[in-house]
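Novice: Take this structure first; my questions come after.
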């Protein structure tokens, strides 16, 4: 019946909550779903001028088994379990395609189009609210010292790679050519399931800047400033920290 959710698995951490009796009618019940990180973007800075999106070279790498969307959902579930322990939780696993479209400019009070099968699934679970994480597109802007750097636009999760710009560490006089900037550009949306109206919407544009001089590696290639494991870890950390910050703003303590 719910073909769009046929491939979505409940996350392991939600099983205990799923086994509990449904909360009283006055108690909120949250479904949590992320569609922001099915792919990781690699954005390579190009100096040439061009469109608003820029002339940067772009490559999208699929994330196996929805690992980063799972991180987002788990992080949000953890926050809600701490802030609203009586609330019901349904942690929805990653899907192969977006379940919700047209959310780039989602505003409070606007309506989210629920596919019929998704609406039915939410009613079946007794969910009163949908907490949704989706990609947000904005200008690349990475804070350093008293300014910011970056060109073109980026969205979702990924890495911005600049092989040309020379940076000097403030107070140390150590120069590095190029930098690597992991980023998480996403939107967090709280939807009332009954009306399908957006109650709260928050944009997140968080990032970091790493150069070879910041690490112990000897390579002058900024992409090698972090190992593969470190790259994965820094994206997880960006997502977890930002969700820990923003979810309490969307869902205040009862």
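Novice: Quick one: in segment 56-66, which of the residues that are part of a helix (DSSP H, G or I) and in contact (Cβ under 8 Å) with a residue 24 or more places away in the chain is nearest to residue 132 (Cα to Cα)?
Specialist: Taking segment 56-66 as the starting set, the residues that turn out to be part of a helix (DSSP H, G or I) are 64-66.
With in contact (Cβ under 8 Å) with a residue 24 or more places away in the chain added as a condition, the list becomes 65-66.
Numbers: 65: 19, 66: 15 Å.
Looking at residues that are part of a helix (DSSP H, G or I) and in contact (Cβ under 8 Å) with a residue 24 or more places away in the chain, I get 66.
Novice: Right, something else. Is there a residue in segment 195-202 that is assigned to a loop (DSSP other than H, G, I, E, B), within 23 Å of residue 103 (Cβ to Cβ), more than 16 Å from the chain's Cα centre (by Cα) and at pLDDT 85 or above? Talk me through it step by step, then tell me what you get.
Specialist: Narrowing segment 195-202 to residues assigned to a loop (DSSP other than H, G, I, E, B): 195-196.
The next check asks that each one be within 23 Å of residue 103 (Cβ to Cβ); those that pass are 195-196.
Within this subset, residues satisfying the condition of being more than 16 Å from the chain's Cα centre (by Cα) are 195-196.
When the remaining residues are screened for being at pLDDT 85 or above, the result is 195-196.
Scanning segment 195-202, I find at least one residue that is assigned to a loop (DSSP other than H, G, I, E, B), within 23 Å of residue 103 (Cβ to Cβ), more than 16 Å from the chain's Cα centre (by Cα) and at pLDDT 85 or above, so the answer is yes.
Novice: Continuing with the same structure: Based on what the data block shows, is residue 83 in contact with a helix residue (DSSP H, G or I) (Cβ under 7 Å, 6 or more places away or on another chain), surrounded by fewer than 16 Cβ atoms within 10 Å (Cβ to Cβ) and under 27 Å from residue 244 (Cβ atoms)? Break it down stepwise before answering.
Specialist: Values: in contact with a helix residue (DSSP H, G or I) (Cβ under 7 Å, 6 or more places away or on another chain): yes; surrounded by fewer than 16 Cβ atoms within 10 Å (Cβ to Cβ): yes; under 27 Å from residue 244 (Cβ atoms): yes.
In short, yes.
Novice: Residue 61 is checked against (1) surrounded by 13 or more Cβ atoms within 10 Å (Cβ to Cβ); (2) within 16 Å of the chain's Cα centre (by Cα) and fails just one. What number does that condition carry?
Specialist: (1)
Novice: Taking the condition of being in a strand (DSSP E or B) and free of Cβ contacts under 8 Å to residues at least 60 places away in the same chain, how many residues in segment 124-156 meet it?
Specialist: The first filter runs over segment 124-156 and keeps only residues in a strand (DSSP E or B), leaving 129-135, 137-139, 142-144, 147-149, 153-156.
From the residues that got through so far, the ones that are free of Cβ contacts under 8 Å to residues at least 60 places away in the same chain too are 137, 139, 147-148.
Qualifying residue count, segment 124-156: 4.
Novice: Which one is nearest to residue 27 (Cα to Cα) among residues in segment 82-123 that are assigned to a helix (DSSP H, G or I) and touching a residue at least 12 places away in the same chain (Cβ under 8 Å)?
Specialist: Our first condition is that a residue be assigned to a helix (DSSP H, G or I); within segment 82-123, this holds for 82-83, 116-123.
Within this subset, residues satisfying the condition of being touching a residue at least 12 places away in the same chain (Cβ under 8 Å) are 83, 117-123.
Values: 83: 13, 117: 24, 118: 21, 119: 19, 120: 20, 121: 19, 122: 15, 123: 15 Å.
Once the filter is applied, the top-ranked residue is 83.
Novice: Also, I was wondering about something else. Going by the conditions given, is residue 75 surrounded by 14 or more Cβ atoms within 10 Å (Cβ to Cβ) and in contact with a strand residue (DSSP E or B) (Cβ under 7 Å, 6 or more places away or on another chain)?
Specialist: no
Novice: Give 111, 202 a once-over and let me know the one that is under 18 Å from residue 32 (Cα atoms), in contact with a strand residue (DSSP E or B) (Cβ under 8 Å, 6 or more places away or on another chain) and loosely packed, with under 15 Cβ neighbours inside 10 Å. I'd like the intermediate steps shown before the answer.
Specialist: On the way: 202 fails: loosely packed, with under 15 Cβ neighbours inside 10 Å.
After ruling out the rest, the residue left standing is 111.
The values are calculated or read from the model by the stated rules, or taken from the named source; none is laboratory data. Every value quoted in this text rests on a predicted model; they were computed, and no experiment measured them. Every residue, glycine as well, gets a Cβ built from its backbone with ideal geometry; the counts of neighbours run over all protein chains shown.
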